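*Asks:* First the structure, then my questions, so here it is.
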Amino acid sequence: MGLRASTPPQDGGSLWAAGADLTRILFRGLPDLAWLKDPQGRYLCCNAAFERIVGCTEAELRGRTDVDVFSAEEAAFFRSNDRGALERDGLHVNEEWLTFRDTGERRRYEVLKTPLRGQDAVLIGVLGVARDITRQHHQDEALRLASRIFESAGESILVTDAAGDIVAVNAAFSRISGYPAEEVIGRNPRLLHSGRQGPAFAARMWRQLAVHDRFQGEFWNRARDGRLYPLLQTITVLRDEVGRITHYVGVGTDLSRLHEAEQRSHHQKAREAPSFRAGRQSAGSRSEPLAWWSSFLWHG
């Protein structure tokens, strides 16, 4: 049900007039945009903030419609939302971009529209109030972009709170470790511990984080299926405005293929070294220093 406007009482006219004047002052001084149209879409009144949008005074606006002050596309959009509020006979909420006529600046607004009725339930018109949400809109857009980047990154990303409990991981983490997000959220990264790196490595990591808020090193983690995998990981400390730690963020690159390539290269060289030494034996004692040096290169 829409709002109902009070009608003057039979007596106490001066008090009513004083109250009406106060309401008028409050309406005109609202920082949000505010306006009232009759059922046919003609403006009845507006506040000072709305005057900046339409580029004219309330007196100049009164009796005009959206077609007179906005583009045809905008006017059709606004009228459609007015009808939505009337048909619903209640609050209609939408978001829209509005341009200030005096500066050309575009701002994002959350617009609330509702039917306004008198005490006799006769429809007076549609009351509109618009709140500037430009900053919130940009913040939301930045968060959505950050979320897309987080999920699409090729590197493993793991985020913990200050206590060390995992609060977020991305798709690359799940692909590399084998753990879906729902199995690690709320748990400690120790679940990835392989036992391959001892207390000295952990102590060095925590010293670096305490002094520099950053640590980079090669971690050997244990995946969900039990295999070990190397991860070149950078851990960064996030702090709030007073310096308290809020989160730890680990960004890691899977080194499995690099290690596998190095191992294949090492094994290939190890297989080639004996034949290389054997082929030099017939050269007599002069080949012995060369054979020793070749062995050192491959195995030293």
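The values are calculated or read from the model by the stated rules, or taken from the named source; none is laboratory data. Just so you know, these numbers come straight off a predicted model, no measurement behind them. With ideal geometry, Cβ positions are generated from the backbone for all residues, glycine too; neighbour counts draw on all protein chains shown. Only protein heavy atoms, including side chains, enter the accessible area calculation; ligands, DNA and RNA are left aside. Shrake-Rupley method; radii C 1.70, N 1.55, O 1.52, S 1.80 Å.
*Asks:* Taking into account only those residues within region 129-158 that are among the hydroxyl-bearing types (Ser, Thr, Tyr) and closer than 25 Å to Glu218 by Cβ, which is modelled with the highest pLDDT? Let's see the steps before the verdict.
*Replies:* Filtering region 129-158 for residues among the hydroxyl-bearing types (Ser, Thr, Tyr) gives 134, 147, 152, 156.
Subsequent filtering for residues that are closer than 25 Å to Glu218 by Cβ retains 152, 156.
On the way: Ser152: 90, Ser156: 96.
Checking each candidate, the answer is Ser156.
*Asks:* How do the pairs read when you match residues in region 87-114 that are more than 18 Å from Glu51 (Cα to Cα) with residues anywhere that are basic (Lys, Arg) and modelled with pLDDT of 90 or more, using Cβ under 7 Å and keeping only pairs 6 or more apart or on different chains?
*Replies:* Correct list of pairs: His92/Lys113; Glu95/Arg108.
*Asks:* Regarding region 159-167, can at least one residue be identified that is buried (at least 17 other Cβ atoms within 10 Å of the Cβ), of a type outside the set (Ser, Thr, Tyr), at pLDDT 95 or above and within 24 Å of the chain's Cα centre (by Cα)?
*Replies:* Narrowing region 159-167 to residues buried (at least 17 other Cβ atoms within 10 Å of the Cβ): 159-160, 166.
Adding the requirement that they be of a type outside the set (Ser, Thr, Tyr) leaves 159, 166.
In the following step, the residues that additionally are at pLDDT 95 or above were identified as 159, 166.
Then keep just the ones that are within 24 Å of the chain's Cα centre (by Cα); that gives 159, 166.
Within region 159-167, one or more residues are buried (at least 17 other Cβ atoms within 10 Å of the Cβ), of a type outside the set (Ser, Thr, Tyr), at pLDDT 95 or above and within 24 Å of the chain's Cα centre (by Cα).
*Asks:* Let me ask something else. Inside region 207-242, can you point out the residues that are outside any strand (DSSP E or B) and of a type in the set (A, V, I, L, M, F, W, C)? If you could, list the steps in order and put the result at the bottom.
*Replies:* Initial filter on region 207-242 (outside any strand (DSSP E or B)): 207-213, 223-227, 240-242.
Matches in region 207-242: Leu209, Ala210, Val211, Ala223, Val242.
*Asks:* For residues in region 243-260 being open to solvent by less than 70 Å² (accessible area, probe 1.4 Å) and in a helix (DSSP H, G or I), which is modelled with the highest pLDDT?
*Replies:* Pass one, region 243-260, residues open to solvent by less than 70 Å² (accessible area, probe 1.4 Å): 243, 245-256, 259.
When the remaining residues are screened for being in a helix (DSSP H, G or I), the result is 256, 259.
Numbers: Ser256: 88, His259: 72.
That would be Ser256.
*Asks:* Could you look through region 80-128, keep only residues that are of a type in the set (Val, Ile, Thr) and open to solvent by 10 Å² or more (accessible area, probe 1.4 Å), and pick out the one that is farthest from the chain's Cα centre (by Cα)? Step through it out loud before you land on a result.
*Replies:* To start, the set of residues in region 80-128 that are of a type in the set (Val, Ile, Thr) comprises 93, 99, 103, 111, 114, 122, 124, 126.
Keeping just the survivors that are open to solvent by 10 Å² or more (accessible area, probe 1.4 Å) gives 93, 99, 103, 114, 122, 124.
Numbers: Val93: 23, Thr99: 26, Thr103: 30, Thr114: 32, Val122: 46, Ile124: 42 Å.
Only one residue tops the list, namely Val122.
*Asks:* Can Ser177 be described as more than 24 Å from Arg239 (Cβ to Cβ), surrounded by 15 or more Cβ atoms within 10 Å (Cβ to Cβ) and in contact with a helix residue (DSSP H, G or I) (Cβ under 7 Å, 6 or more places away or on another chain)? I'd like the intermediate steps shown before the answer.
*Replies:* Details: more than 24 Å from Arg239 (Cβ to Cβ): yes; surrounded by 15 or more Cβ atoms within 10 Å (Cβ to Cβ): yes; in contact with a helix residue (DSSP H, G or I) (Cβ under 7 Å, 6 or more places away or on another chain): yes.
Taking the combined requirement at face value, the residue satisfies it.
*Asks:* Can you tell me how many residues within region 146-158 are surrounded by 15 or more Cβ atoms within 10 Å (Cβ to Cβ) and not in a helix (DSSP H, G or I)?
*Replies:* From region 146-158, those surrounded by 15 or more Cβ atoms within 10 Å (Cβ to Cβ) are 150, 155-158; that's our starting set.
In the following step, the residues that additionally are not in a helix (DSSP H, G or I) were identified as 155-158.
The qualifying residues number 4.
*Asks:* Test each condition in (1) free of Cβ contacts under 8 Å to residues at least 24 places away in the same chain; (2) more than 13 Å from Ala130 (Cα to Cα); (3) hydrophobic (A, V, I, L, M, F, W, C) for Cys46 and report the one that comes out false.
*Replies:* Tallying (1) free of Cβ contacts under 8 Å to residues at least 24 places away in the same chain; (2) more than 13 Å from Ala130 (Cα to Cα); (3) hydrophobic (A, V, I, L, M, F, W, C), Cys46 fails exactly one: (2).
*Asks:* (1) modelled with pLDDT of 95 or more; (2) open to solvent by 40 Å² or more (accessible area, probe 1.4 Å): which one isn't true of Arg196, the others all being true?
*Replies:* (1)
*Asks:* Now, a different point. Within region 129-145, count every residue that is open to solvent by 30 Å² or more (accessible area, probe 1.4 Å), part of a helix (DSSP H, G or I) and in contact with a Lys or Arg (Cβ under 6 Å, 6 or more places away or on another chain).
*Replies:* Residues of region 129-145 open to solvent by 30 Å² or more (accessible area, probe 1.4 Å): 129, 131-132, 135-145.
Subset that is part of a helix (DSSP H, G or I): 135-145.
After this cut, where a residue has to be in contact with a Lys or Arg (Cβ under 6 Å, 6 or more places away or on another chain) as well, the list is 137.
Count: 1.
*Asks:* State which residue pairs qualify: first residue among the β-branched types (Val, Ile, Thr) and inside region 229-250, second residue open to solvent by less than 60 Å² (accessible area, probe 1.4 Å) and in a loop (DSSP other than H, G, I, E, B) in any location, beta carbons under 7 Å apart, and separation of 6 or more residues or different chains.
*Replies:* Listed pairs, sorted by first residue: Thr236/Asp213; Val237/Asp213; Ile245/Ala162; Thr246/Ala162; Thr246/Asp240.
*Asks:* Between residues in region 206-222 that are without any contact (Cβ under 8 Å) to a residue 24 or more places away in the chain and residues that are of a type in the set (Gly, Ala, Ser) and assigned to a strand (DSSP E or B), which pairs lie under 9 Å by C-beta distance while being six or more apart or on different chains?
*Replies:* Pairs that qualify, where the first residue is without any contact (Cβ under 8 Å) to a residue 24 or more places away in the chain and the partner is of a type in the set (Gly, Ala, Ser) and assigned to a strand (DSSP E or B), are Gln208/Gly217.
*Asks:* Checking Gly186 against (1) open to solvent by 40 Å² or more (accessible area, probe 1.4 Å); (2) at positive phi; (3) touching a residue at least 24 places away in the same chain (Cβ under 8 Å), which single condition isn't satisfied?
*Replies:* All conditions pass for Gly186, except number (3).
*Asks:* Scan region 51-79 residue by residue and report those that are open to solvent by less than 60 Å² (accessible area, probe 1.4 Å) and under 31 Å from the mean Cα position of the chain (by Cα).
*Replies:* Across region 51-79, the qualifying residues are Ile53, Glu74, Phe78.
*Asks:* Provide a single number: the residues in region 175-203 that are within 23 Å of the chain's Cα centre (by Cα) and among the small types (Gly, Ala, Ser).
*Replies:* 2
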